[in-house]
1. Looking at Gly153, Gly182, can you tell me which residue is within 13 Å of the ligand (Cβ to nearest atom) and of a type in the set (Gly, Ala, Ser)?
2. Go through the stretch 92-111 and report how many residues are within 16 Å of the ligand (Cβ to nearest atom) and either among the aromatic types (Phe, Trp, Tyr) or loosely packed, with under 14 Cβ neighbours inside 10 Å (or both).
3. Evaluate the stretch 54-72: report whether one residue or more is closer than 22 Å to Gly182 by Cβ, in contact with a Leu (Cβ under 6 Å, 6 or more places away or on another chain) and within 16 Å of the ligand (Cβ to nearest atom).
4. Looking only at the stretch 173-213, how many residues end up being surrounded by 11 or more Cβ atoms within 10 Å (Cβ to Cβ), touching a residue at least 40 places away in the same chain (Cβ under 8 Å) and of a type in the set (Asp, Glu)?
5. Please go through the stretch 99-127 and give me each residue that is under 18 Å from the mean Cα position of the chain (by Cα) and over 19 Å from Lys164 (Cβ atoms), ordered by number.
6. Does Phe112 satisfy the condition of being at pLDDT 95 or above, in a strand (DSSP E or B) and not aliphatic (A, V, I, L, M)?
7. Considering only residues that are within 16 Å of the ligand (Cβ to nearest atom) and within 14 Å of Pro106 (Cβ to Cβ), look in the stretch 10-44 and name the one that is surrounded by the fewest Cβ atoms within 10 Å (Cβ to Cβ).
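The values are calculated or read from the model by the stated rules, or taken from the named source; none is laboratory data. Keep in mind that this is a model prediction, so the values were computed, not measured. Methodologically, a virtual Cβ is constructed for each residue, glycine included, from the backbone with ideal geometry; neighbour enumeration extends over all protein chains shown.
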Amino acid sequence: MSLLFTSEQQALFESLLQARRDVRGNHFLCDEPVSDDEIQRILQAAIWAPSVGYSQPWRFVVIRDDQVKQQVAHSFKQENEKAAHLFDEKQQQYQQLKLEGILEAPVNIAVFYEPSTAPVLGQTSMQEMGEYSVVCAVQNMWLMARSMNIGIGWVSILNPEDVKSILSAPKDNKLVAYLCVGKVDEFLNRPELEQLKWDKAKTLESVVSYNRF
Ligand SMILES: Cc1cc2nc3c(=O)[nH]c(=O)nc-3n(C[C@H](O)[C@H](O)[C@H](O)COP(=O)(O)O)c2cc1C
């Protein structure tokens with residue numbers, strides 16, 4: 001018999017989806033450790049994700065070393081300085097945003113896409129499906145961590161080639177996500193960028209159409 005969920009469990013899952021947050025350095029508790037067992041549970045959730053042709057094209061690097069984190073933080077700083085100039089009248093607000101928690105989070109996890117050398121079922125027309133599979137794994141991690149009251153923040157303002165070189169990644173691997181993982185002082189009840197009026201939540205009606213665009 002397949003496992004069926006009750007309406008209470010569905011409601012619980014909805015509340016988990018709603019309560020997931022991107023966490024940045026202003027909310028991580030630097031001195032609260034995250035255990036190896038907790039990281040294992042989060043990684044186990046990652047590899048339960050769907051993947052194109054069951055290719056499971058993910059690789060994870062768990063980082064606790066401060067020197068490695070310092071090097072990645074340096075890449076963020078360089079990239080973020082370049083980014084600020086792109087936001088014209090919002091530049092000042094951009095510069096005030098905290099957009100990572102690399103040093104504050106006790107654990108960082110770099111997530112890579114490792115392409116297969118053989119053709120992959122389902123990936124023959126749209127190559128990007130391999131990378132999308134890795135993104136599914138990241139979402140599993142985000143939700144699993146939240147269910148354990150552990151925060152995750154996704155940092156993408158990085159030079160991927162710099163991160164690959166810092167982590168001695170194989171040439172053909174592609175950086176998909178760089179995650180900061182840690183205990184938090186609080187989980188905000190709305191996205192921080194919404195609270196700070198950087199952007200608004202889109203309504204369901206504004207993004208769904210039927211039969212044609
Ligand atoms: C692919 C991806 C990349 C992201 N990169 C960053 C980033 O570099 N810095 C940052 O502060 N937040 C980053 N975020 C987090 C988003 O800003 C956040 O998900 C969004 O504002 C909604 O907030 P919530 O996740 O708390 O609901 C990223 C999220 C995704 C999905």
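1. Details: Gly182 fails: within 13 Å of the ligand (Cβ to nearest atom).
Result: Gly153 is the single residue among Gly153, Gly182 that is within 13 Å of the ligand (Cβ to nearest atom) and of a type in the set (Gly, Ala, Ser).
2. Applying the first criterion (within 16 Å of the ligand (Cβ to nearest atom)) to the stretch 92-111 yields 93-105, 108-111.
Retained after the next criterion (residues that are either among the aromatic types (Phe, Trp, Tyr) or loosely packed, with under 14 Cβ neighbours inside 10 Å (or both)): 93-96, 98.
The number of residues fulfilling the criteria is 5.
3. yes
4. 2
5. First, pick out the residues of the stretch 99-127 that are under 18 Å from the mean Cα position of the chain (by Cα): 99-114.
Residues satisfying the conditions are Leu99, Gly101, Leu103, Glu104, Ala105, Pro106, Val107.
6. Answer is yes for this residue.
7. Gly25
Residues are listed down the side, and each one gets a yes or a no for (1) farther than 30 Å from Ala11 by Cβ; (2) of a type in the set (Val, Ile, Thr):
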| site | (1), (2) |
| --- | --- |
| Ile102 | yes, yes |
| Val107 | yes, yes |
| Ala118 | yes, no |
| Leu143 | no, no |
| Leu167 | yes, no |
| Tyr178 | yes, no |
